[in-house]
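The values are calculated or read from the model by the stated rules, or taken from the named source; none is laboratory data. The structure displayed is predicted, hence computed values, not measured ones. All Cβ positions, even for glycine, are placed from backbone atoms using ideal geometry, and neighbour counts span all protein chains on display. Accessible surface is based on the protein model in full, side chains and every heavy atom, while ligands, DNA and RNA are left aside. Shrake-Rupley method; radii C 1.70, N 1.55, O 1.52, S 1.80 Å.
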Amino acid sequence: MPRLFKLVNQVKHYEWGSPRFIPELLGTPPAGSPSNDGAPWAELWMGCHPASPSHSGGVSLGQIIAKDPIRCLGEKTARKYGTLPFLFKLLAAALPLSIQAHPNEAQAREGFERENRLGLPLDAPNRSYKDPNHKPELLCALTPFTGMCGFRAPDEINDLISNYFTRRHGGTENNAQYVKDSLSSVSLCLCERSLGNRLRNFLNALFNLSDEARKAITEFILSHEPPSSPPCLRASVPPCEEKGTNSPEWGLMRLFAELYPGDPAVIAPLYLNVFHLEPGEAIFLEAGVLHSYISGFAVELMANSDNVLRGGLTGKHVDIPELLNITGFYPQKPRIIRPAATDSFTYPAPCEEFSLTVMRGKSGEANTFPVAAAQDSPAICIVTDGEAIFADSGGGETVLKQGESAFIPPAALGEPPLSVRGHFTLYSASCPL
């Protein structure tokens, strides 16, 4: 069996994607050229998910693994999962992704079976569960990256809504009093005795605002200048420069209101934490965490699933009752993972399905590929900068240039691991069983 399979991967052209990040990494013609019409390139999938499997030599990666799963996956991974348990992606966001959360294992299994019983085709636009798997995920920035993740504390949400809406205006302006009254009624949920009920009932009340109230909130955001950020937020995230304001929350709300007028999720920056990643920094999201990625280019690694429950900022299917069913209603601040200044760093992720390692090579130095034989682990790697030369013990070499990726089975018993040299940055996804 080959020590390395070069991959051909499929691209998803969602409306929120960037026309340049993925094409530039892959070295394809620039947007607007005859062979690249400037359509958004949102995601590139590397793995075995049936929705968009990778191929090598004209054969799908799933078929390659199915022919000899123990050799391709290692004994532990083959016996536990039977296939590659993770999905590796490039994610390129020029516009915000939907407000969303992912189910845990029990929720995914139950939801998948329920929608099967209802006879919904897997590609039905109103289907939420595409497979029976949970979807923890780790995102690592390749460029500066902005997103939202986890609920703020109820008192903080209440203060922010007051600062931006209900405390600022009396009843003489156009729709200010109506907006104030509508959001004040929603904010009352944040004063309930139970913490979980506060956040759940707040979100439910927000999503159930009348169409008239939703429209008024959008008009208010688009027709008013922002106030100063509250003191608790002034050092939390960089200014929203594209909107010309030192209030990042208001800048994001204006962006959302322009893109999705009438959507109550336009005020999401007030109930979710806004975070910013510099290149190399990462964030891990467990099941049930409400989030949205807003802008930037990143590698994303997750369990082998495409289950998404959406709650706004999208033209796709939104299922609020099911989103409320699978979301965890507790405050949670994003925990940013900052890599050590070493040639190889593995990002900590509390799950069995995947592990992400970044490896940097210097010309002329040969290193052992970070998935050692002792791990008995398959890997998919992608070169994001430079050129990596893989060599096996028999003298064979394979070159991966920027944008190229490969599937690497674990070393057979007694077989030395691959070595890699060159000047490169490489991200490797593996299964750490």
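For the range 273-394, report the accessible area per residue in Å² (1.4 Å probe, heavy atoms, rounded to an integer).
In whole numbers, the range 273-394 has 37 Å² accessible per residue.
Ordered by packing density, taken as the mean number of other Cβ atoms within 10 Å over each peptide's residues, highest first, how do 323-336, 291-304 rank?
Ranked from most to least packed, the peptides come out as 291-304, 323-336.
Quick one: if the Förster radius is 25 Å, what FRET efficiency do Ala39 and Gln10 give, using the C-beta to C-beta distance and rounding to 0.05?
According to the calculation, E is roughly 0.95.
Near the amide H of Gln10, under 5 Å away, which other amide H atoms are found, from residues 5 or more places off or on another chain, if H is placed in the peptide plane?
Residues meeting the amide H criterion: Trp45.
In 20 Å bins starting at zero, report the fraction of Cα pairs in the chain per bin as a rounded %.
Per 20 Å bin, starting at zero, the Cα-Cα P(r) for the chain comes out as 25, 53, 21, 2, 0 percent.
Run the reach check for Lys362 against lysines, Cα to Cα strictly under 26 Å, same-chain hits fewer than 8 apart removed. What comes back?
Leaving aside lysines fewer than 8 places away in the same chain, those within reach of Lys362 are Lys6, Lys89, Lys401.
Ordered by residue, what ³J(HN,Hα) values in Hz, to whole numbers, does the range 134-143 give under the Karplus form 6.51 cos²θ - 1.76 cosθ + 1.60, where θ = phi - 60° and Gly and Pro are x?
Karplus values, whole Hz, x for Gly and Pro: 7, 9, x, 8, 10, 10, 10, 6, 9, 10.
Can you tell me the accessible area per residue over the range 48-171, all protein chains present, probe 1.4 angstrom, in square angstrom?
Spelled out: the 1.4 Å probe surface of the range 48-171, per residue, equals 39 Å².
Using only C-alpha positions, report the orientation-averaged shadow area of the convex hull of the range 9-161, nm², one decimal.
Working: hull surface 53.7 nm².
Answer in nm², one decimal: 13.4.
Where a ≥ b ≥ c are the square roots of the eigenvalues of the C-alpha gyration tensor, would you call the range 47-110 rounded, which needs a/c under 1.5, or, failing that, prolate if a/b is larger than b/c, or oblate?
Cα axes put the range 47-110 in the oblate bin.
What nm value, rounded to one decimal, do you get for the distance between Ser419 and Glu387 when each label is placed 7 Å out toward the C-beta?
1.9 nm
Can you bin the range 247-391 into rounded, prolate or oblate? Criterion: square roots of the alpha carbon gyration tensor eigenvalues sorted a ≥ b ≥ c, rounded for a/c under 1.5, prolate for a/b above b/c, oblate for the rest.
In terms of gyration-tensor shape, prolate.
With +1 assigned to the C-beta of every Lys and Arg and -1 to the C-beta of every Asp and Glu, and no other charges, what is the dipole magnitude of the range 116-211 about the Cα centre in debye, to the nearest 20?
That gives a dipole near 220 debye.
To the nearest 10 degrees, how steep is helix 105-117 against the longest Cα principal axis of the chain, on a 0 to 90 scale?
With rounding to tens, the tilt is 80 degrees.
Hey, what do the phi angles of the range 302-319 turn into as Karplus ³J(HN,Hα) couplings, whole Hz, using 6.51/-1.76/1.60 and θ = phi - 60°, x for Gly and Pro?
8, 4, 6, 8, 10, 8, 9, 9, 9, x, x, 6, 7, x, 7, 4, 10, 10
Out of residues 5 or more away from Leu418 or on other chains, whose amide H comes under 5 Å of its own, with H placed 1.01 Å from N in the peptide plane?
Under 5 Å from the amide H of Leu418: Phe369.
Quick one: length gained pulling Glu105 to Lys362 fully straight, 0.36 nm per residue minus the C-alpha distance? Each step should come with its number before you reach the end.
Details: separation 257, 0.36 × 257 = 92.52 nm, distance 4.12 nm.
Full-extension gain reported as 88.4 nm.
What angle do you read, to the nearest 10 degrees and between 0 and 90, between the alpha-carbon axis of helix 195-207 and the longest principal axis of the chain?
The angle comes out near 80 degrees.
Along each of its three principal axes, how wide is the spread of alpha-carbon positions in the range 1-91, in whole angstrom units, largest first?
So the extents along the principal axes, rounded to whole Å, are 47, 24, 17.
Where the accessible area of the chain is counted over protein heavy atoms with a 1.4 Å probe, how much of it, in %, is carbon and sulfur?
On the way: 9060 of 17860 Å².
Of all accessible area on the chain, carbon and sulfur atoms account for 51 percent.
Scan around Thr384 for amide H atoms under 5 Å from its own, H built in the peptide plane at 1.01 Å from N, and keep only partners 5 or more places away or cross-chain.
Residues meeting the criterion, in which the H sits 1.01 Å from N, are Gly403, Thr425, Leu426, Tyr427.
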